[in-house]
Amino acid sequence: MKVGLMVGEGSGAAPELKGLVERGQMAEHFGLDTAWIANIALDGMTAAAALGGATSQIEIGTAVVPTFTRHPVAMAQQSASTQMACEGRFTLGIGLAHKFMVEDMWGLSYDKPAQQMRAYLEILEPALRGVAITHQNENYDVKLMAMPDGTDTSVLVAALGPLMLKIAGRLSGGTITMATGLKTLETHIVPTITAGAEEAGRPPPRIVAGFPVLLTANKTEAHDLIAKVFEVYAGVPSYRAMLDREGVSGVEDVALVGEEVELNVQFERLESIGVTDLLVMPIETEPGEMERTIEFLA
């Protein structure tokens, strides 16, 4: 199982590019596999390109760029440019975002979101493989020449519901999850997206599972902090549905917190149920805890 670190804003970090690059360099220094970048205040792909120029080994991925604010051709062009800046180390994570963001913040329609993602991937995936496209569907009518060489970029889709997981399995390289516990990963996420991939004749999907992770003996203080930092997740319908499946009230109840033996047991369980990547959402209750956790993970 690969281990990656959220180096952007996903765990409450300030929207500041210099600090993001420094955290990405730290992840590479410790030998982690992937540096993940959210798309909140900073543009995820621009930040990924900056990190690509400041590192040489580590994979760099977005988790995730919203689709509603970019036409799939624009997404493909920016992704191809980011891939070049990262010298082949970039993975594009995309997602629908959430109804309140799309409608209340951006003033767009969130009607038929799963259909929108399917139509989007029908354009984006072949474009990133360097295939010329003449394709019309419910949302797009695209005639596009082949992208430049070297733009074969893997696409991962943030998917939690059954229909979205099937679409991700059939039309992308895998999924990225948040606020999703081990039981729900085992009984819902992994089998559903895997079935979609098998139906489409695709290889087993990459399954990137995001968790707050902290090596600590003070579990109570850690859980209290996680509850505060990730409080918003419990009120977002898609995340709320995953927490309800798990039978818990908040992200603090699915976080991976404890001492070395306890964390290793949880990591082994994740790998055994088919999770291919652990995406660490870094937190700390005291200075130095995050770095000690990352060193342990490496």
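Output the residues belonging to the range 201-236 that are free of Cβ contacts under 8 Å to residues at least 12 places away in the same chain and either among the small types (Gly, Ala, Ser) or closer than 18 Å to LEU182 by Cα (or both). Residues satisfying the conditions are GLY201, GLY235.
In the set (1) in contact with a helix residue (DSSP H, G or I) (Cβ under 6 Å, 6 or more places away or on another chain); (2) more than 24 Å from VAL190 (Cβ to Cβ); (3) in a helix (DSSP H, G or I), the condition left unmet by VAL102 is number (1).
Exactly one residue among ALA159, ALA168, ALA195 is modelled with pLDDT of 95 or more, touching a strand residue (DSSP E or B) at 6+ places or on another chain (Cβ under 6 Å) and in a helix (DSSP H, G or I), and that residue is ALA168.
Being of a type in the set (Gly, Ala, Ser) and over 18 Å from the mean Cα position of the chain (by Cα) is the filter here; which residues of the range 114-141 pass it?
Of the range 114-141, the ones of a type in the set (Gly, Ala, Ser) are 114, 119, 127, 130, 132.
The answer is ALA119, ALA127, GLY130, ALA132.
Residue count for the range 51-88 under the criterion of being farther than 19 Å from LEU279 by Cα, part of a helix (DSSP H, G or I) and of a type in the set (Gly, Ala, Ser): the result is 8. Going through the range 79-105 one residue at a time, which ones are surrounded by fewer than 21 Cβ atoms within 10 Å (Cβ to Cβ) and either in contact with a Gly (Cβ under 9 Å, 6 or more places away or on another chain) or under 17 Å from ALA54 (Cβ atoms) (or both)? Selection gives SER81, MET84, ALA85, GLU87, GLY88, ARG89.
Within the range 35-55, residues that are modelled with pLDDT of 95 or more have Cβ atoms under 6 Å from residues that are of a type in the set (Asp, Glu) and surrounded by fewer than 24 Cβ atoms within 10 Å (Cβ to Cβ) in these pairs: ALA38/GLU9; THR55/GLU28, counting only partners at least 6 apart in sequence or on another chain. Note on the range 171-192: among residues that are touching a helix residue (DSSP H, G or I) at 6+ places or on another chain (Cβ under 7 Å) and in a helix (DSSP H, G or I), the one that is surrounded by the most Cβ atoms within 10 Å (Cβ to Cβ) is ILE189.
Scanning the range 268-291 for residues that are in a helix (DSSP H, G or I), in contact with a strand residue (DSSP E or B) (Cβ under 7 Å, 6 or more places away or on another chain) and modelled with pLDDT of 95 or more yields a single hit, LEU270.
Screening GLY8 with (1) under 27 Å from PHE296 (Cβ atoms); (2) at pLDDT 95 or above; (3) not aromatic (Phe, Trp, Tyr) gives one miss only, at (2).
The values are calculated or read from the model by the stated rules, or taken from the named source; none is laboratory data. This structure is a prediction, so every number in the text was calculated from the model and none was measured. Every residue, glycine as well, gets a Cβ built from its backbone with ideal geometry; the counts of neighbours run over all protein chains shown.
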